[in-house]
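Computed from the coordinates by the stated procedures, all read-outs in this text should not be read as laboratory data. As the structure is a prediction and not an experimental result, all values here were calculated from the model. For neighbour counting, all protein chains shown are included, and Cβ atoms are generated from backbone atoms with ideal geometry for every residue, glycine included.
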Amino acid sequence: MSLSYKKVLVSGIVQGVGFRPFCARTALEMGVAGAVRNTSEGVVLELEGEAALLDAYLNRLETEQPDAAHITSIEIIENDESRFVPAFGTFSIERSIRREEQKVLIPPDIATCDDCLAELEDPENRRYHYPFINCTNCGPRYTIIKDLPYDRPLTTMSSFPLCERCREEYEAPADRRFHAQPNACSDCGPRLELTDSRGGMLATGDDAIAVLVNDLLQGKIAAIKGLGGFHLACDARSDTAVEMLRKRKDGPHKPLAIMVRDVEAADSIVVLSPTAQRLLGSTRRPIVLCPIRKGNGLSPRLAPGQTTLGIMLPYTPLHHLLMKHFRALVMTSANRSDAPIVCENDAALRELSSIADIFLMHNRDIHMPIDDSVVMPYGKSAILIRRARGFVPSPVSLPFRAPVIAGAGGEMKATFAISQGNLVFPGQFLGDLKQLETVVFYKRAMTHLLRLYNLHPKYLAYDMHPQYLSTHAAKESLGDAAEETLAVQHHFAHMAACMIDNGHHGDTIGVIFDGTGYGEDGALWGGEFLAGNLEGYRRIASLYQTSLPGGEKAILEPWRFALSLLKESFDAETAIALGATLWPEYSIKARAIVNTMHSAQKTTSCGRLFDGVSAILGIRSVISYDGQAAMELEAVARGRLAAPFALSCQEGFWILDWRPAIRWIADRIRSVETSVLSEAFHRGLSRSVAELCEILSRRTGIRHIALSGGVWQNKRLLSLTERLLRRRGLIPLIHHSLSPNDECVSVGQVAIGAAKWRK
Ligand code: ZN
Ligand code: ZN
Ligand code: FE
């Protein structure tokens with residue numbers, strides 16, 4: 001038997017995720033000898049064994065990698081003289097080597113693992129009930145890393161010198177805590193403290209949790225410091241507590257996410273599909289949107305007007321200790337209105353004292369704040385609604401190697417993205433840049449990522465909108481570094497992001513349905529059919545264009561845009577008369593709006609179309625949070641009817657005309673149920689989209705249809721359209737690892753920039 005030797009470099013997210021112990025375990029199991037170590041380029045393995053065995057071993061590394069790991073490549077290092085393994089016949093975990101260039105990827109934060117949970121609940125264990133227990137398989141990562149290499153001195157754990165026992169674990173290659181950077185115990189690690197809203201100490205340690213539990217049961221509101229920032233928490237059963245939280249913070253209707261004790265509790269509160277259960281339990285621990293179970297014992301005020309509720313499982317030891325006492329707690333991001341999540345103790349006391357009665361804090365700093373991610377189960381996979389904790393900073397792949405490019409992103413759901421080689425790193429959801437604090441957060445997050453990876457973008461791709469605050473924020477973060485810039489049309493960026501998300505790089509038809517984005521002609525686009533690839537596009541069809549009276553106000557008050565839909569579908573007088581019966585309280589304003597409509601901005605927005613139909617159906621005429629009217633419209637939809645839409649073509653440009661549908665719906669408001677009319681709108685639109693796609697496909701020869709834009713978060717529209725496209729022999733591309741909403745725009749910008757600037 002001849003032994004062969006192999007040295008390989010494994011790249012990707014392979015450090016701080018329990019990858020080396022996994023390599024060692026698998027090697028011992030298979031009888032592979034060798035060693036593994038971290039380097040600044042990735043994990044290096046030296047292996048000895050029969051050639052076939054080594055191949056099988058590497059194959060297993062790829063297929064069975066730990067949940068939180070993400071291998072981007074396994075390269076064989078040929079002719080490398082620097083063998084570092086002294087003795088074969090065993091498998092060992094060696095000390096780290098550092099080199100100049102940094103190629104290792106930073107892992108996202110990882111939910112507490114089962115081993116740590118068992119220890120947390122074991123009275124004999126020295127970490128019994130220690131709220132900061134973690135190991136190489138779990139714990140904080142992205143949120144505590146200040147710089148690379150990922151080592152304790154460069155994290156916010158640097159202020160906690162390891163005690164003797166923790167150090168032994170940290171230094172023992174066979175230990176589950178070998179090089180677990182946030183390793184700690186109650187002797188040497190972070191501590192809990194509970195204070196009142198003025199910072200006055202109430203309790204510490206176990207007592208802090210006991211007092212907090214009692215206060216929550218009495219209906220108080222707590223600010224709780226978590227992994228990526230503070231949550232506001234209250235008893236999810238109590239209408240009074242939920243109402244009070246609404247009054248103090250989120251307004252009357254915005255859905256509040258809850259944390260539930262375990263899967264059983266989840267199953268009693270929502271209808272849990274196998275997909276939902278898998279998403280809920282994944283190490284990323286996102287908020288999962290699930291259908292509400294009737295009579296679940298929780299306050300109906302959690303998600304008024306919605307049929308789904310956002311739920312998540314505990315993901316830190318502190319959550320586990322707390323959730324033993326509750327079936328469900330409201331756990332919503334702690335911030336003022338739309339400002340970024342609060343992450344510092346001082347800031348929490350300063351900014352949340354008018355909302356929370358008590359504060360559960362600790363002294364482990366959060367270096368990079370990050371919100372909970374939100375996902376919606378869709379078939380066997382999921383649609384991302386918000387991509388943040390647990391996902392960031394994992395990269396997505398580009399089809400080719402690109403220079404370092406920054407994508408500035410959109411404005412309302414701001415993100416940035418940076419390319420390096422054939423990877424793009426999308427930053428986390430940052431919020432609405434119209435808030436000054438969000439601009440500060442944006443610059444901080446971008447500067448941080450650039451510094452971590454030692455990247456200096458010479459290229460900047462940004463939205464064509466002349467006033468997007470993301471463009472300014474990105475330029476300020478980069479200083480004068482960007483030598484070349486590129487303005488990218490908003491919906492083209494959406495299409496590119498969806499292509500990247502599917503690893504598809506050929507010609508594509510993009511059906512981009514969203515709120516509004518700046519069009520090449522200065523109008524507000526938002527219902528667009530584009531044909532092209534990363535190199536360029538043509539706009540080949542759109543929704544019928546109409547006026548958007550009052551700009552920003554029309555977004556907050558969908559009845560205003562509904563008047564525009566009615567005027568286009570009937571005439572001015574009919575619109576005024578219908579408006580007076582539908583929204584009598586606005587009848588005087590309505591006349592003025594209709595009469596001045598001709599001078600308003602023009603839009604093809606599909607998001608606004610949904611809002612307007614919601615207002616016409618009397619579902620929601622004034623909103624209190626973004627997307628409310630369209631979400632409530634989707635929530636009521638049921639039935640089999642389809643409203644008629646029309647297709648027409650002028651000089652090769654196609655129009656998807658909603659006017660017949662508006663007339664059809666308006667004629668039936670009194671005679672047909674709202675839910676049936678809502679469904680008919682969804683069905684009619686999806687049929688018409690599929691039909692138009694087939695026509696466009698025949699004319700262009702393109703069969704891939706990319707569906708991007710916030711409207712595609714509408715599960716009903718998405719599933720109907722996807723099915724109809726398939727039935728017509730087309731290939732729908734939907735988002736998988738990016739959100740369809742404006743969060744994906746930064747990645748699209750980078751991809752388009754990469755196609756332009758690659759050499
Ligand atoms: Zn663990
Ligand atoms: Zn210790
Ligand atoms: Fe958009």
For this session: Principal axes first, then extents: for the Cα atoms of region 1-46, list largest minus smallest coordinate on each axis, whole Å, largest first.
Result: 35, 19, 12
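Take the Cα radius of gyration of region 669-742 and divide it by 2.2 N^0.38 Å, with N its residue count; two decimals is plenty. Write down the numbers at each step before the final one.
Details: Rg = 13.8 Å, N = 74, 2.2 N^0.38 = 11.3 Å.
Cα-based Rg divided by the globular estimate yields 1.22.
Rounded, prolate or oblate, given the Cα gyration tensor of region 459-501, with a/c below 1.5 counting as rounded?
Judged from the Cα gyration tensor, region 459-501 comes out prolate (a/c at least 1.5, a/b above b/c).
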Seminar exercise, completed: Pseudo-spin-label distance residue 115 to residue 204, built 7 Å along Cα→Cβ, given in nm, is 3.1 nm
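Could you list 581, 603 so that the one with the fewest beta carbons within 10 Å of its beta carbon is first and the one with the most is last?
On the way: 581 10, 603 26.
Least crowded to most crowded, the residues run 581, 603.
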Exercise. So how much slack lies between residue 30 and residue 380, counting 0.36 nm per residue of separation and subtracting their Cα-Cα distance, in nm?
Worked result: 122.7 nm
Problem set entry | Sorted peptide list for 508-516, 248-256, 486-494, 284-292, criterion being average Cβ within 10 angstrom, highest first | 508-516, 486-494, 284-292, 248-256
Problem set entry | Set of lysines near residue 146 by C-alpha distance (under 28 Å), chain-local residues within fewer than 8 positions excluded | 103, 225, 413, 434, 443, 458, 475
Problem set entry | Value at 222 nm in deg cm²/dmol, rounded to 500, when DSSP H runs of n ≥ 4 in the chain each add -39,500 (n - 2.57) | -10000 deg cm²/dmol
Seminar exercise, completed: Once normalised by the length of the chain, the mean sequence separation of its alpha carbon contacts under 8 Å that are 6 or more apart gives a contact order in percent of 11 percent
Problem set entry | the chain, dipole about Cα centre (Lys/Arg Cβ +1, Asp/Glu Cβ -1), debye to the nearest 20 | 1800 debye
Problem set entry | Those aspartates and glutamates that a straight Cα-Cα span of less than 13 Å connects to residue 7, excepting residues fewer than 8 apart in one chain | 46, 48, 55, 75, 78, 80, 81
Exercise. For residue 158 and residue 587, what is the calculated FRET efficiency with R₀ set at 41 Å and r taken between the beta-carbons, to the nearest 0.05?
Worked result: 0.05
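Under the definition of Cα pairs under 8 Å and six or more residues apart, what whole-number percent is the relative contact order of region 512-636? Show your work: numbers first, answer last.
Details: 215 pairs, mean separation 37.1, N = 125.
Contact order relative to length: 30 percent.
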For this session: Can you spot the aspartates and glutamates whose alpha carbon is less than 20 Å from residue 715's alpha carbon? Ignore those fewer than 8 places along the same chain.
Result: 501, 514, 528, 611, 626, 632, 634, 679, 691, 742, 743
For this session: Normalise the Debye intensity by I(0) for the chain, one equal point scatterer per Cα, no solvent, then take log10 at q = 0.06, 0.07, 0.10, 0.11 Å⁻¹ and round to two decimals.
Result: -0.39, -0.53, -1.05, -1.24
For this session: Quick one: grab the alpha carbon gyration tensor of region 192-374, order the square roots of its eigenvalues as a ≥ b ≥ c, and give me rounded if a/c is under 1.5, else prolate or oblate depending on whether a/b is larger than b/c.
Result: prolate
Problem set entry | Of 254/602; 553/589; 220/254, pairs whose Cα-Cα distance is over 22 Å | 254/602
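Taking the DSSP beta bridges in the chain as the whole, what percent of them are antiparallel, to the nearest 5? Mind showing how you got there, number by number?
Values: 85 of 114 bridges.
Counting only bridges with both partners in the chain, antiparallel ones make up about 75 percent.
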